[in-house]
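Have a look at the structure below, then the notes.
Values quoted throughout were computed directly from the atomic coordinates according to the rules given, and no laboratory measurement underlies them. Keep in mind that this is a model prediction, so the values were computed, not measured. Every residue, glycine as well, gets a Cβ built from its backbone with ideal geometry; the counts of neighbours run over all protein chains shown.
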Amino acid sequence: EQQVRLVRAPSATLRGRVNAADGQPIPFARITAWPWRSTDWFGSSDFDEAAVAPALSAVADGQGRFSLTGLIGSYGLAASADGFLEAQLDAVDAGGEPLHLVLDLGREVEGTVTFTSGEPAPFMTVTASSGRVWTQSLTDEDGDFRLRGVTRDADELTVSGDGIFAATAPLPPP
């Protein structure tokens, strides 16, 4: 009879703080970590879907501090909060020095959406986008909207809603 003995690898913790560019902590920022791979998973011919481990998440405390425990190896790490642009770190070793992520406010875009008749367009979805990064808001009853945390390279606004065709307009540079 063959005996197999499993030994659990020692685990470590990723810990750190999330701050705004002005140094103020960002309370309750969302933190996501995923196992880091140095190759392009999706462009690689040896991609093994079963080998992709699930992401882990945490919420920072009121002082922007966070920790993720029970980790082994290297991780990608992202921090996000409403009104801020996401910050990301690649290939962070679990158990290393405390991390510091800084979230930028991005830019703010505001305006009014109207129908061709000139009437306000209430409760429409307004989206600013740049590639795969987007920010959304709803217009209020007067058709007014404000988007916060828009990336500096966002170049397009799209308005959509129930029963209307989506309309797209260029977004001027900041």
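Miscellaneous remarks
- Computed over the chain: relative contact order in percent, which uses C-alpha pairs under 8 Å that are six or more apart: 19
- Two-site label geometry, Asp82 and Thr114: point separation in nm, points 7 Å out along Cα→Cβ: 3.0
- Cα gyration tensor, segment 129-170 - rounded (a/c under 1.5), prolate or oblate: oblate
- Where only C-alpha atoms are counted, convex hull volume of the chain per residue in Å³: 194
- Peptides 87-95, 142-150 ordered by packing proxy, namely the average of other Cβ atoms within 10 Å per residue, highest first: 142-150, 87-95.
- Neighbourhood charge, 11 Å Cβ-Cβ cut-off, centred on Ser67 and excluding it, Lys, Arg +1 and Asp, Glu -1: +2
- The stretch between Gln136 and Thr158, if pulled fully straight at 0.36 nm per residue, gains 7.0 nm over its current Cα-Cα span.
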